[in-house]
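Colleague: Can you read through this structure? Questions will come right after.
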Amino acid sequence: MFKCFLTAALALVLVGPLGAAAQSPSNPAPSRSAQAAAAEAASSGPIFEYRLGPGDKLRVIVFGEETLSGEFVVSASGKVELPLIGAVDAAGLTITQFQSSVGKALKDGYLKDPRVSAEVENYRPFFILGEVQKPGQYPYAVSLSVMNAVATAQGFTYRADTRHVFIKHLNELGEHKATLTAATMVQPGDTIRIPERFF
Amino acid sequence: MRTMRNRLPTPDTLASNADETSVREGASSAFMRDRNVSVTERHHPEYQALGVPVGAFLIYPILAESAIYDDNAFAKSSGAIGDWVFQTKAEAQAASNWSRNLLEGFGSVTTYDYVTLTKLDTTDYQVGVDGRYDMVGNSNIYSGMEDGRYTVPFANLSVPRNAVTAEQYDLVQGDVGAVQELNRLRFSERFDAADYQYRNLLDGLNHVIIEEAQNHSTYAAQAKAEYAVSPATAVFGAFSWNERDYQDPGSQGSNSSGYELTVGASFDITHVARGEAQVGYLQQNFNASPANKTPAKTANGPAFRGKIEWFPTQLTTVTLHASREIEDWTVTGAFGTLGSSGGVRLDHEILRNLILSCNVDFNQYQYIGIGRADKSWSFGARGNYMFNRNWGMSLSYIRIEQVSSYGGLDFQDDKISIGAVFQY
């Protein structure tokens, strides 16, 4: 009886490390949620990285510092006025980059280990005109495509050229012509024009 | 029955006739054919006349002026004479804006002023009223009356070839009808009466050409029963009877009576096509003419009538039409005219305020009792442009080629016109 117990204990001791070695950091077995994320990333197209611009409304939270947290708007100069640290550049940065920038500014003489999180509460609106039923200004939503934008404007008119679109981004001087597909995306602040067809 | 159509007006056709079974606005019906909108019937509010509100009516005044060059004013086979003619049309349409029932009135005066061939100058007029009384559901009764004077173009071979003045006739006509719609069934009945009185002409020697032989009255009764197979399709059977009484039967037209029995279908397929077509049999019995010692005649054979609109895109409408029926006019010595026609027309909306059209039509006329047959082809192209809701212009070209089994009656005629229209 004692010999059986000793054999089982020995087996456990030997198998455990071998199993751990099979799951070493150099060759980890992925979890189910991570597998799903990897598959999704592999099948999806390029990830659209939103960059902040004037008019965006941000929610900034500094953990443990309620007086430093709140809602802030990116000004026309592209900066965000934050308590304690003052104006922080935001235009042209991704939300992750902005978080890092604010964290660095707080760490520089104010907080020991600031934990900053930020998110866009309201994006810049987009504008759509031309051959749509209801031209105008509409709120932007993440991953908005031109087709989504047209649907928001209640669809094409009967004279719309559904194969092309003219888009002017906020930082551009003029519009450019693009082929209209389901993957043609809209960025906040864009002006979209649906042209008229003649045949 | 005349119904207001707010579309791009043209200098010479400023109102259109609606189907006599049109339902009141806002009503739903298994027989509505409004899934598609043709180019010419599409509403453009920014280019439509607003009208002048007068009580419960809207008045639409219209003034149109056209300059037309006709290179063969008398439709001669040789020695064609061309001339410019200025057509001026002043018109007013009035329509009620009630939620139920309808009352419309119209009146117009048209003058034709030739630059050189002043003997062809004429003045036409037209005045009339239409009404519709809506009953339960989509059932209604309607009636209309019209009085007018019309000029017959020389291209119509009923006009004497030796005339140097234009042929005109006075027309008084009226109609009364009813529509009953019960779920998928619809019954339509209609009675029409018309009286034609032709005015005398002058020949090259200033002798009077008496046209009283063409004076006649026409009476017609129609009945139609339809069944809606689906909201987009319906089948129907129709029967019509007619009687024509001539003031001087035998010289140009004979008293006759006849009927037409047809079956057909109507359909409206979204973004594809819509239309109505019917086929059947017609028979017209012409009375003997003791004065001319000619026996009675009968014209019979297949009858058909149809109009189909195809919508290749929402900017283009192709319209096909065909018919075979007894005409209301004829030539000297004939009992009557059996006409067969067909054609295709293309309308394209280049811009919201610019419509281009072209058409090809074919007509064949068999003159009962004299063994003569005429064929004609016509080709047309036009453009209508509206500057704004008040001003517009048009440019058109039409060519007619006529071939007759009788010698000396063939001709070719080209007309080009440019016009302007003002509406309010």
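A short reminder: the numbers here are calculations on the coordinates, not readings from a lab. Not measured: the values here are computed from a predicted model. Counting neighbours? That spans all protein chains shown, and the Cβs are built from the backbone with ideal geometry, glycine included.
Colleague: So how many Å³ per residue does the convex hull of the Cα atoms of the range B:299-424 work out to?
Modeller: Per residue, the Cα convex hull of the range B:299-424 comes to 136 Å³.
Colleague: Can you pull the one-decimal nm distance between simple spin-label points at B:Ala232 and A:Leu170, each 7 Å off the Cα toward Cβ?
Modeller: Inter-label distance under the simple model: 4.6 nm.
Colleague: How big is the range B:140-280 in terms of Cα radius of gyration and Dmax, in angstroms?
Modeller: 20.1, 65
Colleague: Multiplying the sequence separation of A:Thr94 and A:Ala182 by 0.36 nm and subtracting their Cα-Cα distance, what value in nm do you get?
Modeller: Contour length minus the Cα-Cα distance gives 29.2 nm.
Colleague: Rounded to the nearest 20 debye, what is the charge dipole size of chain B about its Cα centre when +1 sits on each Lys and Arg Cβ and -1 on each Asp and Glu Cβ?
Modeller: 900
Colleague: Can you sort B:Phe387, B:Phe31, B:Phe57 by how many other beta carbons sit within 10 Å, fewest first?
Modeller: Values: B:Phe387 11, B:Phe31 22, B:Phe57 16.
Taking fewest neighbouring Cβ atoms as first place, the list is B:Phe387, B:Phe57, B:Phe31.
Colleague: Between B:Thr111 and B:Tyr281, how many nm apart are label points set 7 Å from Cα along the C-beta direction?
Modeller: 5.4
Colleague: Still on this model: Provide the net charge surrounding B:Glu260, with neighbours chosen by a C-beta distance below 12 Å and charges set as Lys +1, Arg +1, Asp -1, Glu -1.
Modeller: +2
Colleague: So what's Rg/Rh here for the range A:103-199, counting alpha carbon atoms and using the Kirkwood radius for Rh?
Modeller: Rg/Rh: 1.22.
Colleague: Could you work out how far apart the two model spin labels at B:Leu171 and B:Glu243 are, taking each label as a point 7 Å from the Cα in the direction of the beta carbon, and quote it in nm?
Modeller: Result for the modelled spin labels: 2.2 nm.
Colleague: Scan around B:Ala273 for amide H atoms under 5 Å from its own, H built in the peptide plane at 1.01 Å from N, and keep only partners 5 or more places away or cross-chain.
Modeller: Here B:Phe311 satisfy the definition.
Colleague: Report the relative contact order of chain B, percent, no decimals, based on alpha-carbon pairs under 8 angstrom and at least 6 residues apart.
Modeller: Working: 1220 pairs, mean separation 58.7, N = 424.
Once normalised by length, the contact order is 14 percent.
Colleague: Residue by residue through the range B:257-270, which ³J(HN,Hα) values in whole Hz follow from phi under the Karplus form 6.51 cos²θ - 1.76 cosθ + 1.60 (θ = phi - 60°), with glycine and proline marked x?
Modeller: 9, x, 8, 9, 10, 9, 10, x, 8, 10, 8, 8, 9, 3
Colleague: Cα centroids of the range B:115-186 and the range B:208-250: how far apart, whole angstrom?
Modeller: Result: 13 Å between the Cα centres.
Colleague: Using a Gaussian network model of chain B whose springs link C-alpha atoms within less than 10 Å, name the residue from B:Trp98, B:Trp241, B:Trp377 with the highest mean-square fluctuation.
Modeller: B:Trp98
Colleague: For the range B:61-215, what does the alpha-carbon gyration tensor say about shape, rounded, prolate or oblate, given a ≥ b ≥ c as the root eigenvalues, a/c under 1.5 as rounded, and a/b over b/c as prolate?
Modeller: prolate
Colleague: Give, in whole angstrom and from largest to smallest, the semi-axes √(5λ) of the equivalent ellipsoid of the protein assembly as shown, with λ running over the eigenvalues of the Cα gyration tensor.
Modeller: Listed largest to smallest, the semi-axes of the protein assembly as shown are 77, 31, 23 Å.
Colleague: Hey, another quick one. In Å and from the alpha-carbon atoms only, list the Rg and Dmax of chain B.
Modeller: Expressed in Å, the Cα Rg and Dmax of chain B come to 22.0, 65.
Colleague: Give the residue from A:Val120, A:Pro135, A:Pro195 lying farthest towards the positive end of the charge dipole for the range A:65-199; charges sit on Cβ (+1 for Lys and Arg, -1 for Asp and Glu) and the dipole is referred to the Cα centre.
Modeller: A:Pro195
Colleague: What's the extension gain from B:Ala80 to B:Leu261 if we count 0.36 nm per residue and subtract their Cα-Cα distance? Could the numbers behind the result be given before it?
Modeller: On the way: separation 181, 0.36 × 181 = 65.16 nm, distance 4.31 nm.
Additional length available on full extension: 60.8 nm.
Colleague: Can you list the residues of the range B:333-362 with backbone N under 15 Å from a point 7 Å past the Cα of B:Leu395, pointing along Cα to Cβ?
Modeller: Flagged as within label range: B:350-351, B:354-358.
Colleague: Quote the FRET efficiency, to the nearest 0.05, computed for B:Arg100 versus B:Ala296 with a Förster distance R0 of 45 Å and r equal to the Cβ-Cβ distance.
Modeller: 0.35
Colleague: While we're on this one: Counting only residues 5 or more places away or on other chains, whose amide H sits under 5 Å from the amide H of B:Val229 once H atoms are built in the peptide plane?
Modeller: B:Ala234, B:Val235
Colleague: What does the charge dipole of the range B:239-389 about its Cα centre add up to, to the nearest 20 debye, if the Cβ of each Lys and Arg holds +1 and the Cβ of each Asp and Glu holds -1?
Modeller: Value, rounded to 20: 260 debye.
Colleague: Of the options B:Phe422, B:Phe379, B:Ile398, report the single residue whose Cα projects farthest towards the positive end of the charge dipole of the range B:374-424 (beta-carbon charges: Lys, Arg +1; Asp, Glu -1).
Modeller: Farthest towards the positive end: B:Phe422.
Colleague: Now for a different question. Please report, in debye to the nearest 20, how large the charge dipole of the protein assembly as shown is about its Cα centre when each Lys and Arg carries +1 at its beta carbon and each Asp and Glu carries -1 there.
Modeller: Approximately 2360 debye in magnitude.
Colleague: For the charge dipole of chain B, defined by +1 on Lys and Arg C-beta atoms and -1 on Asp and Glu C-beta atoms about the Cα centroid, which residue among B:Ala213, B:Asn287, B:Phe239 has the Cα displaced farthest towards the positive pole?
Modeller: The listed residue farthest towards the positive side: B:Phe239.
Colleague: Another question, if that's okay. Tell me, what is the FRET efficiency for B:Val208 and B:Asp71 to the nearest 0.05, using R0 = 25 angstrom and their Cβ-Cβ distance as r?
Modeller: 0.30
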